[in-house]
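**Student:** My questions all concern the structure below.
Nothing in this text is a laboratory measurement; each read-out follows from the coordinates by a stated rule. Please read all numbers here as calculations on a predicted model, not as lab measurements. No Cβ is skipped: glycine too gets one built from the backbone with ideal geometry, and neighbour counts run over all protein chains shown.
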Amino acid sequence: MVDKDLGYIIRRVNFRETSLLASMYTKKFGKVNGLFKGFYTRKKEFSSSLDVFTLNEFILYPRRSEIWLVSYAELLDGYDFLRRDIKKNIAASVFARVIDKGTAVLDSHPEVFFLLKNSLESLNSYDEGKLIYIFMIKFLTISGFKPEFSLCINCHRPYEEEIYFSPSSGGIICNKCKAIRSDTYPISLETSSVIHYIQHNDFPHILRISPSISCHKEIIFILQKFSQYHLHFDPFCNL
């Protein structure tokens, strides 16, 4: 069987002298590990450089194994601005690393594909720091790891002025329930509201938010702790 799909390169490594192994996040199939046989010699079939972050059209040969043969790749968007701005390149690297670590092979989520597309395109015009936590919050929401920021995760009541975040519980804890958890961190109402807004809104509306510096730092801290506990890696380790 032969199929065609759009996809982003999220990781690549040379295979022997002439070929390439790459992880792609595709619109139809989700994450695919592809073998580009003869990549360095078959220039006609592979017009794309297959750099990380590039969007390509692929001709794929689906099979039962986790590595699929890819016979054709055409570059659709190279996001050249990422090669000129190191901070934006690092942000794009976070997107790729989170998708690579946080998704299973052939577990299709078209929403993740469009999240990556919107995030990369927005990097050209918006602050990379804001895009990183917007991407993370939306990714966790889409992939089923959504932290709870509407009600207390323990008593399910609306929170009041004093609220805390518990990574192990996966959400906010009210002042009355904080004693039952050892890993609670105080957070501001602004932080809770910003995260809740991002969770329930889409591009381009979420790009309009303008949180304070302290809120920005709290969001990064929360996402770091949450990812370490639930995804077992730190997406911000190289920032």
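**Student:** Let me know the longest stretch in the chain that avoids all GluC sites (Glu not before Pro) found in a DSSP loop with at most 13 other C-beta atoms within 10 Å.
**Tutor:** That gives 67-159 as the longest site-free run.
**Student:** Note down, for the range 35-100, the three equivalent ellipsoid semi-axes (square root of 5 times each alpha carbon gyration tensor eigenvalue), biggest first, whole angstrom. Kindly include the intermediate steps, with their values, before the conclusion.
**Tutor:** On the way: eigenvalues 121, 51, 15 Å².
The equivalent ellipsoid of the range 35-100 has semi-axes of 25, 16, 9 Å.
**Student:** Also, I was wondering about something else. For LEU106 and ILE209, compute 0.36 nm times the residue count separating them, minus their Cα-Cα distance, and round to one decimal in nm.
**Tutor:** Here the segment from LEU106 to ILE209 would lengthen by 33.7 nm.
**Student:** Which links in LYS44/LYS117; LYS146/LYS178; LYS28/LYS117; LYS4/LYS138; LYS43/LYS117 stretch past 18 Å when you go from one Cα to the other?
**Tutor:** In this structure, LYS44/LYS117; LYS146/LYS178; LYS4/LYS138; LYS43/LYS117 exceed 18 Å between Cα atoms.
**Student:** Can you list the trypsin sites (Lys or Arg not before Pro) in the range 1-102 that are in a DSSP coil and have 13 or fewer other beta carbons within 10 angstrom?
**Tutor:** Sites meeting the loop and neighbour criteria: ARG16, LYS43, LYS44, ARG63, ARG64, ARG84.
**Student:** Now for a different question. Using only Cα atoms, figure out Rg for the chain and give it as a multiple of 2.2 N^0.38 Å.
**Tutor:** 1.13
**Student:** Starting from the Cα of PHE81, step 7 Å along the direction of its Cβ; do the same at CYS237; then give the gap between the two resulting points in nm.
**Tutor:** The answer from the label model is 3.0 nm.
**Student:** Shifting gears a bit: Cβ under 12 Å from SER227's Cβ, SER227 left aside: what net charge do those residues give with Lys, Arg +1 and Asp, Glu -1? Kindly include the intermediate steps, with their values, before the conclusion.
**Tutor:** On the way: positive: ARG97, LYS101, LYS225; negative: ASP234.
Local charge sum for SER227: +2.
**Student:** Mind jotting down the distance between the C-alpha centroids of the range 150-218 and the range 36-114, whole Å?
**Tutor:** 34 Å
**Student:** Something else now. Can you work out D for the range 69-167 in µm² s⁻¹ from Stokes-Einstein, where Rh is the Kirkwood radius over C-alpha pairs, the temperature is 10 °C and the viscosity is 1.306 mPa s?
**Tutor:** In µm²/s, the coefficient is 100.
**Student:** Per residue of the chain, what 222 nm ellipticity follows from adding -39500 (n - 2.57) for every DSSP H run with n ≥ 4, rounded to the nearest 500?
**Tutor:** Value at 222 nm, helices only: -10500 deg cm²/dmol.
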